[in-house]
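One structure below.
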Amino acid sequence: MSSNPVTKLVAFCGRIVLSSVFHLGHYSLLSIRALVLAILPPWRIRSIFRQMELVGVNSLFVVILTGLFTGAVFTLQVIYGFRRFSAESMVGPTVATAMTRELGPVLTALMVTGRVGSAMAAELSAMKVTEQIDALNVMGADPVKYLITPRILAAIVMLPLLTAVADAVGVIGGYLVAIGKGLDPGQFASRIQDIVVIGDVYNGLIKAAVFGFILASVGCYMGFYTKGGAEGVGHSTTHAVVCAYVAILVGDFVMTAMMF
Amino acid sequence: MGAPTIMIRDLRKKFGDQEVLKGVTFDILAGKINFLIGRSGEGKTVALKHLTGLMTADSGEIWFDDLEINQATRSQLDHLRLKMGLLFQDGALFDSLSVGENVAFPLWFHRKAKPKIAQAKADKLLAELGLEGSASRRVVSLSTGERKRVALARALIMDPEILFFDEPTTGLDPLLSAQVDELIGQIQKNTGATVVVISHDIAATLTLADQVSMIHDGRIIASSTPAALRANEEPNVRMFLAGENA
Ligand SMILES: Nc1ncnc2c1ncn2[C@@H]1O[C@H](COP(=O)(O)OP(=O)(O)OP(=O)(O)O)[C@@H](O)[C@H]1O
Ligand SMILES: [Mg+2]
């Protein structure tokens with residue numbers, strides 16, 4: 001190896017590119033396999049329900065809190081801005097649109113990634129380093145089908161439900177703040193019905209399903225390819241959260257550009 | 001098809017710069033008890049993981065009768081694995097399941113038996129291993145020796161034709177060790193399975209084995225009956241036998 005700083009830099013960048021391509025390839029293969037196996041029998045309905053329970057119950061409380069305070073603080077800011085133009089009647093629709101299109105799906109996904117995506121990575125990587133995944137393999141029990149498929153399906157189903165909760169709670173939070181700030185409660189609600197279309201809500205829920213896929217598949221991938229003991233478990237958990245965050249935000253941009 | 005012969009030919013494996021297997025060649029006799037011995041860190045577990053398809057060799061061949069596992073399709077490999085039982089050195093128990101669920105898992109997963117029957121079979125195996133009434137215990141509450149026996153029960157529950165045991169008696173007290181050794185001998189006699197045992201227990205090796213193979217410095221340096229091994233003049237074999245007897 002040359003000690004020339006330029007060659008070093010090129011080598012460093014090359015390594016990063018190679019490892020990104022490597023991981024992206026493996027990640028895609030694993031995700032596709034997990035989805036294909038979801039279609040093929042035998043189906044393990046019970047493990048899917050078990051995972052749905054874990055995803056939903058574990059996250060419901062944080063999702064409600066996040067939705068409530070996001071709606072509330074967003075309304076505070078909107079009222080402050082809109083008062084200058086005497087556009088208080090538009091506060092309700094603005095809050096509702098923002099919650100259903102963006103804030104609900106994205107913030108729910110980020111919170112669930114922190115709670116559930118990280119737990120998936122930690123659980124699978126602990127199974128990996130204690131050879132439990134090898135044990136499944138050697139028993140002829142495909143670990144992708146047994147461990148990863150149910151987690152991904154559960155997240156795809158549960159994220160839209162949690163997002164719907166966050167949307168509703170967010171609007172309620174906004175409503176309470178609006179009343180507290182002396183806005184007309186009837187106007188806040190009725191203008192929402194006039195202006196927010198059901199397509200806003202649907203598109204937000206579709207986003208949520210995609211985010212569910214991302215956070216579960218990334219969490220499982222990071223767990224599944226863990227190396228090296230307890231330290232590896234920590235690394236894969238951190239990587240799962242960071243990578244899923246970035247993927248969710250990038251995916252959000254792409255989907256928003258396509259949808260609206 | 002009866003229990004298979006396993007032929008290992010020139011198996012090589014490197015981890016980074018560390019060459020663990022440097023051309024391992026030997027046969028595992030069908031329907032016999034085959035011991036694999038060698039010092040700690042010589043690659044016994046690594047060799048076993050190659051035999052079960054959990055690790056892929058850099059080069060070399062592993063034949064189960066006329067199936068070479070590196071060229072086997074996934075479904076051929078799955079089919080072969082249905083006939084295999086493997087006891088991992090550290091147990092590899094599923095810590096999200098209870099002891100009973102762990103043992104019954106292969107039956108449950110492959111839908112080979114109704115849950116009640118699977119559980120009854122698991123209970124019976126656990127009782128044979130001195131763990132009666134443990135089925136509902138959590139895996140985390142087990143001692144090392146208990147883990148080992150639960151894992152042993154799980155390896156046995158499908159009545160496999162090929163059995164791999166990675167140090168089945170390490171961590172057990174002498175009484176239990178003797179019991180497990182006897183059980184292995186019995187199972188082999190009853191089922192005619194091909195059995196591979198990794199062990200550090202020289203006394204058990206020399207009494208139980210039909211064939212003993214010794215791995216040293218990445219190669220098999222002896223592969224013979226226990227009697228022939230005792231008479232082996234290879235210095236490393238001599239040293240190993242003497243050291244373990246002392
Ligand atoms: N996945 C792996 N990655 C890197 N090195 C490994 C891996 N598995 C095993 N090794 C190395 O291979 C060598 C042989 O390990 P192995 O576990 O096969 O030893 P062993 O003969 O079973 O020893 P023991 O009797 O202590 O169980 C060791 O030096 C180990 O560090
Ligand atoms: Mg070992």
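The values are calculated or read from the model by the stated rules, or taken from the named source; none is laboratory data. None of the values given here were measured: they were computed from a predicted structure. Neighbour counts run over all protein chains shown; Cβ positions are idealised from the backbone, glycine included. Heavy atoms of the whole protein, side chains included, go into the accessibility calculation; ligands, DNA and RNA do not. Shrake-Rupley method; radii C 1.70, N 1.55, O 1.52, S 1.80 Å.
Rounded to the nearest 500, the helix-only mean residue ellipticity at 222 nm of chain B stands at -11500 deg cm²/dmol, with each DSSP H run of n ≥ 4 adding -39,500 (n - 2.57). Legend: Rg and Dmax of the range B:34-141, from Cα coordinates, 16.7, 46 Å. When the Cα positions of B:Ser59, B:Leu142, B:Ser96 are compared along the charge dipole of chain B, B:Ser96 comes out farthest toward the positive end, with charges on each C-beta of Lys, Arg, Asp and Glu.
What 222 nm value per residue comes from the helices of chain A, counting each DSSP H run with n ≥ 4 as -39,500 (n - 2.57) and dividing by all residues, nearest 500 deg cm²/dmol? It comes out at -28000 deg cm²/dmol, rounded to the nearest 500. Accessible area per residue was computed with a 1.4 Å probe on protein heavy atoms; B:Phe109 scores about 20 Å².
Reported to the nearest whole Å, the Cα centre-to-centre distance from the range A:157-177 to the range A:7-51 is 31. The range A:45-259 gives an Rg/Rh value of 1.09, both radii derived from C-alpha positions and Rh following Kirkwood.
Give the shape of the range B:135-190 as rounded, prolate or oblate, defined through the alpha-carbon gyration tensor: a ≥ b ≥ c are the square roots of its eigenvalues, a/c under 1.5 means rounded, and otherwise the shape is prolate if a/b is larger than b/c and oblate if not. It is oblate, given that a/c is not under 1.5 and a/b is not larger than b/c.
To the nearest 20 Debye, how big is the dipole of the range A:45-259 about its Cα centre, given +1 on the beta carbon of each Lys and Arg and -1 on that of each Asp and Glu?
100 debye
Relative to the dominant Cα principal axis of chain B, helix B:99-109 is inclined by about 80°. Among the trypsin sites (Lys or Arg not before Pro) in the range A:147-254, those placed in a DSSP loop whose Cβ has at most 16 other Cβ atoms within 10 Å are A:Lys181, A:Lys227.
Once a ≥ b ≥ c are taken as the square roots of the eigenvalues of the Cα gyration tensor of the range A:144-229, is the result rounded (a/c under 1.5), prolate (a/b larger than b/c) or oblate (a/b not larger than b/c)? Cα axes put the range A:144-229 in the prolate bin. Remark: C-alpha extents of the range B:97-246 on the principal axes read 54, 29, 26 Å, sorted largest to smallest. According to the calculation over all Cα-Cα pairs in the range A:1-102, the P(r) per 5 Å bin from zero is 2, 9, 9, 9, 8, 8, 10, 10, 11, 10, 9, 3, 1, 0 %.
Placing unit charges on each Cβ (+1 for Lys and Arg, -1 for Asp and Glu) gives the range A:45-259 a dipole about its Cα centre, and among A:Ile45, A:Met111, A:Val78 the Cα reaching farthest toward its positive end belongs to A:Val78.
Neighbouring Cβ atoms from other chains, within 10 Å of the Cβ of residues in B:53-62, number 1 on average. The alpha-carbon atoms of the protein assembly as shown define a convex hull whose volume equals 199 cubic angstrom per residue. Per residue, the accessible area of the protein assembly as shown comes to 47 Å², computed with a 1.4 Å probe over protein heavy atoms only. Distance between the C-alpha centers of the range A:132-147 and the range B:88-167? Whole Å please. Value for the Cα centre distance between the two parts: 16 Å. Note on A:127-138: average number of Cβ atoms from other chains within 10 Å of each residue's Cβ is 6. Taking the Cα centre of chain B as origin, sum charge times position over the Cβ atoms of Lys and Arg (+1) and Asp and Glu (-1), and report the length of that vector in debye to the nearest 20. It comes to approximately 740 debye.
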